[in-house]
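In what follows, a structure is listed as structure tokens, so that the remarks can point back to it.
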Amino acid sequence: MKYIRSFALFWWNFIVGDDWRVAAGLAVALGLTYLLTHEGVNAWWLLPVAIVLLLAGSLWRETRRAS
Amino acid sequence: MSTSTVLVILGTFLASAVEMVEALTIVLGVGIVRGWRSTLIGVGAALIVLAALVAALGPALSVVPIETLRLIVGALLLAFGLQWLRKAILRSSGYTPLHDEDAAFRRHREEAAKAGRDERAGLDWYSFTVAFKGVLLEGLEVVFIVISFGSAQNKIGLAAAGAAAAFVLVVGAGVLARGPLEQVPENTIKYAVGLLLTSFGCFWGAEGAGVDWPGDELSLLGVIAFIGASSFMLVRVLRRRRVAPAPVEAPA
């Protein structure tokens, strides 16, 4: 059981890391991109904008905690 | 050679170099204090596990359709790359201390000196496990980057060549220096790697989701420029915010 927990924790830290909201936001942004492109909208701009917004939000939360 | 090919080689080279510098610091810290035999056997065992992983995963990924692969790889690279970029921005803006390879080396040496002697199967178990875990964990990130970059671009060989070049360079420099590579601008490289991983993740993730990038592969440079410029702006804003004096409360 201990090894399964450490294995799961390793992958969680590896992929999700310190801020789960960023990973969740990325999943939503990718999902929206998929839906829009399959509805005929070439939403190439969505993911770069989402990345910057998610990054800024995560940094804002982290630095507000630190200061 | 296309833009994305050059960036794949550069990305795997830089990312692998950073991880290998960290693994080298662990191996040197243990090997110098406790001897090389068990330490190097630990390194060898970890390399065998990593090679087996590449041998198993590489061919398995070739049967996945390229669009699906790009979507999965893009999502994973995005999540992974944004962690690197986030940490690099926090370090550059002064909110997190810079990674100090020399301090890490001293810490590993002290821990290795304090640890008791536990002989198993003719091996110093501490040296073996620390070297094995260090190389395996840092190596897993290298394997992940090589496989994801290589498979999404259908250029595993070139991605592996980038990592191999980093291995030769880091191990060669470590043998020559006989110490941790503290002169390597690790934080700057980590920033660049975070930027490349995130940009590739964005490019492939969106492509896997069905997007047609304007300008095709050339738009990858645009993505790097956009995320790079935005992250530099975030560093500047955070730096200013960090040094700004706290607001003085007006007297009642």
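Every read-out reported here was derived from the displayed coordinates using simple, explicitly stated rules and does not represent laboratory data. Every value quoted in this text rests on a predicted model; they were computed, and no experiment measured them. Here the Cβ is made from the backbone with ideal geometry for all residues, glycine too, and neighbour counts use every protein chain on show.
Could you give the length gained on full extension between B:Ile66 and B:Trp36, defined as 0.36 nm per residue of separation minus the Cα-Cα distance, in nm? Don't skip to the answer; put the middle values down first.
Values: separation 30, 0.36 × 30 = 10.80 nm, distance 4.39 nm.
Contour length minus the Cα-Cα distance gives 6.4 nm.
Could you point to the residue in B:Val175, B:Gly116, A:Phe14 farthest towards the positive end of the protein assembly as shown's charge dipole, with +1 and -1 charges on the Cβ of Lys/Arg and Asp/Glu respectively?
Result: B:Gly116, furthest along the dipole toward the positive end.
Any idea what the dipole of region A:18-66 comes to, in debye rounded to 20, about its Cα centre with Lys/Arg Cβ at +1 and Asp/Glu Cβ at -1? Spell out each step's value before the answer.
Values: 4 positive and 4 negative charges, 42 e Å.
It comes to approximately 200 debye.
Which order results if B:Phe128, B:Phe105, A:Phe10 are arranged by neighbouring Cβ count within 10 Å, fewest first? It would help to have the intermediate numbers written out before the result.
Working: B:Phe128 24, B:Phe105 20, A:Phe10 12.
Lowest to highest Cβ neighbour count: A:Phe10, B:Phe105, B:Phe128.
Of the residues B:Ala121, B:Ala51, B:Ala163, which exhibits the maximal mean-square fluctuation in a Gaussian network model of chain B defined by a 10 Å Cα contact cut-off?
It is B:Ala121.
Along region B:76-86, what does the Karplus equation 6.51 cos²θ - 1.76 cosθ + 1.60 (θ = phi - 60°) give for ³J(HN,Hα), rounded to whole Hz, x for Gly and Pro?
Going residue by residue, I get 5, 5, 4, 4, 5, x, 5, 5, 5, 5, 4 Hz, with x marking Gly and Pro.
So what are the ³J(HN,Hα) numbers for region B:51-66, from phi and the Karplus equation (6.51, -1.76, 1.60; θ = phi - 60°), rounded to whole Hz, Gly and Pro as x?
Here the 3J(HN,Hα) series is 5, 5, 4, 5, 5, 7, 6, x, x, 4, 6, 5, 8, 7, x, 4 Hz.
Two decimals is fine: what's Rg over Rh for the protein assembly as shown, C-alpha atoms, Kirkwood radius as Rh? Provide the component values of the computation, followed by the final result.
Values: Rg = 21.2 Å, Rh = 21.1 Å.
Rounded to two decimals, Rg over Rh is 1.01.
Can you give the Rg to Rh ratio for region B:62-144, taking only C-alpha atoms and Rh from Kirkwood?
On the way: Rg = 18.9 Å, Rh = 16.5 Å.
Reported Rg/Rh (Cα atoms, Kirkwood Rh): 1.14.
Eight or more residues apart or on different chains, and alpha-carbon atoms under 27 Å: count the Lys pairs in chain B matching that.
Eligible lysine pairs with Cα atoms under 27 Å apart amount to 5.
Just to confirm a number: summing +1 for Lys and Arg and -1 for Asp and Glu over residues other than B:Leu71 whose beta-carbon lies under 15 angstrom from that of B:Leu71, what do you get?
Numbers: positive: B:Arg70; negative: B:Glu67, B:Glu207, B:Asp212.
Combined, the nearby Lys, Arg, Asp and Glu give -2.
Over chain B, with a Gaussian network built from C-alpha contacts below 10 Å, which listed residue (B:Val63, B:Val171, B:Val235) shows the highest mean-square fluctuation?
Top of the fluctuation ranking is B:Val63.
What translational D, rounded to a whole number of µm²/s, comes out for chain A from Stokes-Einstein when the hydrodynamic radius is the Kirkwood one over Cα pairs, at 37 °C and 0.692 mPa s?
Values: Rh = 13.9 Å.
Result for D is 237 µm²/s.
Could you work out the helix-only [θ] at 222 nm for the protein assembly as shown, with each DSSP H run of four or more residues adding -39,500 (n - 2.57) and the total divided by the number of residues, to the nearest 500 deg cm²/dmol? All intermediate terms of the calculation are to be shown ahead of the outcome.
Values: 11 runs with 251 residues, N = 319.
Dividing the helical sum by the residues of the protein assembly as shown leaves -27500 deg cm²/dmol.
Rounded, prolate or oblate: pick one for region B:101-180, where a ≥ b ≥ c are the square roots of the eigenvalues of its C-alpha gyration tensor, a/c under 1.5 means rounded, and failing that, prolate if a/b is larger than b/c, else oblate.
Details: a/c = 2.78, a/b = 1.87, b/c = 1.49.
Cα axes put region B:101-180 in the prolate bin.
State the answer as a single residue: which of B:Val243, B:Ser151, B:Ala131 lies farthest towards the positive end of the charge dipole of the protein assembly as shown, with beta carbon charges of +1 for Lys and Arg and -1 for Asp and Glu, about the Cα centre.
Positive-most Cα among the choices belongs to B:Val243.
Can you tell which of A:Thr63, A:Leu30, A:Trp45 lies farthest toward the positive end of the dipole of region A:18-66, using +1 and -1 charges on the Cβ of basic and acidic side chains (Lys, Arg; Asp, Glu)?
The Cα lying farthest towards the positive end belongs to A:Thr63.
Each residue of region B:144-158 in order: what ³J(HN,Hα) in whole Hz does its phi give by Karplus 6.51 cos²θ - 1.76 cosθ + 1.60, θ = phi - 60°, with x for Gly and Pro?
4, 5, 4, 5, 5, 4, x, 6, 5, 9, 6, 9, 4, x, 5
Given the options B:Asp212, B:Asp124, B:Asp102, state which has the largest fluctuation in a GNM of chain B using a 10 Å cut-off (strictly under) for Cα springs.
Answer for the Gaussian network model of chain B: B:Asp212.
For a quick check: with amide H placed at 1.01 Å from N, whose amide H comes under 5 Å from B:Asp124's, ignoring anything fewer than 5 positions away on the same chain?
Answer set, sorted by chain and number: B:Ser38.
Rg(Cα) of chain B divided by 2.2 N^0.38 Å?
Details: Rg = 20.8 Å, N = 252, 2.2 N^0.38 = 18.0 Å.
My calculation over the Cα atoms of chain B gives 1.16.
I'd like to compare A:11-20, B:142-151: which one has the highest average count of other Cβ atoms within 10 Å, and what's the full order after that? Don't jump to the answer; show the numbers that get you there.
Values: A:11-20: 13.8, B:142-151: 23.9.
Per-residue mean Cβ counts within 10 Å order the peptides as B:142-151, A:11-20.
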